[in-house]
Amino acid sequence: MNQRIHLSSQNIENNWGKYVEEATASNTSFDNNRNVTAFEKSLESYLGENSKVAAVSSGTAGIHLGLILLGVQKGDTVLCQSFTFSASANPIIYIGAKPIFIDSEKDTWNICPAHLEDAIKDCIHKNKKPKAIIAVHLFGMPYNIKAIDDISKKYEIPILEDSAEALGSSYKEKKCGTFGDISVLSFNTNKIITISGGGALVSKKRGVVIKARFLATQAKDEAIHYQHSQIGYNYKMSNILAGVGRGQMKVLAEHIGLRRKMNYFYSDLFSDIQGIKLLAEPNNDYFSNHWLTCATFEEHKLGYDREKLRLAMEAENIECRPLWKPMHMQPIFENAPFYGSGVSERLFETGLCLPSGSNLTDEDRSRIAAVIKKMN
């Protein structure tokens, strides 16, 4: 059996050893924040736009803290992109708030401005104005920044930007992770850079980031004894993982280039095949890191569907995965309101995530191409 080709395997170069060695040089250095602070600074420098960063234990933790910092409370409503991973929506439930799911637009596969505005108008008509909008840059593709930002300003509803999959993507040369009132990054094992976990909360307001760090360290008040005036969380990033992050930041640009190279590979592979459509930047304003290259497959043109191709790939020990199952179709959210016209449902039915890792080889690409050519 050939070695398995993973969808998005972790790619950690050994350039972080000195930072981890510093963190383990003495028993006390496990508890200091040297690497955490330096990792935060490197992210701030990369993102620009006067960004301030709090490193946390996961992207999910960042979303949870972000909702709290935006003032979301039990019983409030939060508008959330339906076509996403559950980590975008679960923190709404942690707080006791209620999600309202919004369908995708066809161009970016992200939150649809028209359905978003319909939902807001309906909520306001019912005297229940939403407290926040969770917009996601899915698979690394920026959402429709201008349209969503205009709606946010028009109705004075803040945006929590889920940029977990989009570090390195940009819109009009401005980095994803800088568009929301609060933004969130992820460094999970399958992301474009990874520290085996971890995330970050981003804001242009220093006070927001200071409060995030406070809440992430169990909300310990300034006192000689342990004193807590509000509920806190164990969401702080470890000093050792932050050391790995410092090393990973040095290869971020390389990893983006390699992910985009995989996207070009598929674009060329599918160029003469009718019925396969890649997720692509709508115009030159958009720059995707192409964290995952994804495509939809039209059975009536191809003679096979998404699932038949996935199984053919699996038979050759090549991992592919259906696109995210929309949140409004998930059993846990089946009673949540949804505004849409079926775009995300059709994407789920016909779409596939293809192997996109930054460490794939020419041999791996040849194996992938062989399966596609055999199917066509």
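Points worth noting:
- Contact order relative to length of the range 253-375, as percent, for alpha carbon pairs under 8 angstrom and 6 or more apart: 31 percent
- Average Cα contact separation per residue, the range 164-256, under 8 Å, 6 or more apart, as relative contact order %: 23 percent
- Asp268, Asp107, Asp150, Asp162 arranged by Cβ crowding within 10 Å, fewest neighbours leading: Asp268, Asp150, Asp107, Asp162
- By other beta-carbon atoms within 10 Å, ranking Met329, Met262 with the fewest at the front produces Met329, Met262.
- Distribution of pairwise C-alpha distances over the chain, 10 Å bins, in %: 5, 23, 31, 25, 12, 3, 0, 0
- A simple charge model with +1 on the Cβ of Lys and Arg, -1 on the Cβ of Asp and Glu and nothing else charged puts the dipole of the chain at about 660 debye relative to its Cα centre.
- DSSP-defined antiparallel bridges as percent of all bridges, the chain, nearest 5: 55 percent
- Average projection area in nm² (convex hull over Cα atoms of the range 253-375, one quarter of hull surface): 9.5 nm²
- Relative contact order of the chain, taken over Cα pairs closer than 8 Å and 6 or more residues apart, is 24 percent.
- Listed by number, the DSSP H helices of the chain that run 27 Å or longer by alpha-carbon position along their axis and have mean Kyte hydropathy of at least -1.0 come to an empty list.
- Only helical runs count toward this figure. For the chain, summing -39,500 (n - 2.57) over DSSP H runs of n ≥ 4 and dividing by all residues gives -11000 deg cm²/dmol at 222 nm.
- Each of Phe297, Phe270 was scored by other Cβ atoms within 10 Å of its Cβ. Arranged with the fewest first, they read Phe270, Phe297.
- For the residues Gly357, Gly243, Gly342, a GNM of the chain with alpha-carbon springs under 10 Å puts the largest fluctuation on Gly342.
- Sparse packing (at most 12 other Cβ atoms within 10 Å of the Cβ) combined with a DSSP loop state is found for the following trypsin sites (Lys or Arg not before Pro) in the range 105-169: Lys106, Lys126.
Only the coordinates and a few stated rules stand behind these numbers; no lab work does. Remember, it's a predicted structure, so these values are computed and weren't measured experimentally. All Cβ positions, even for glycine, are placed from backbone atoms using ideal geometry, and neighbour counts span all protein chains on display.
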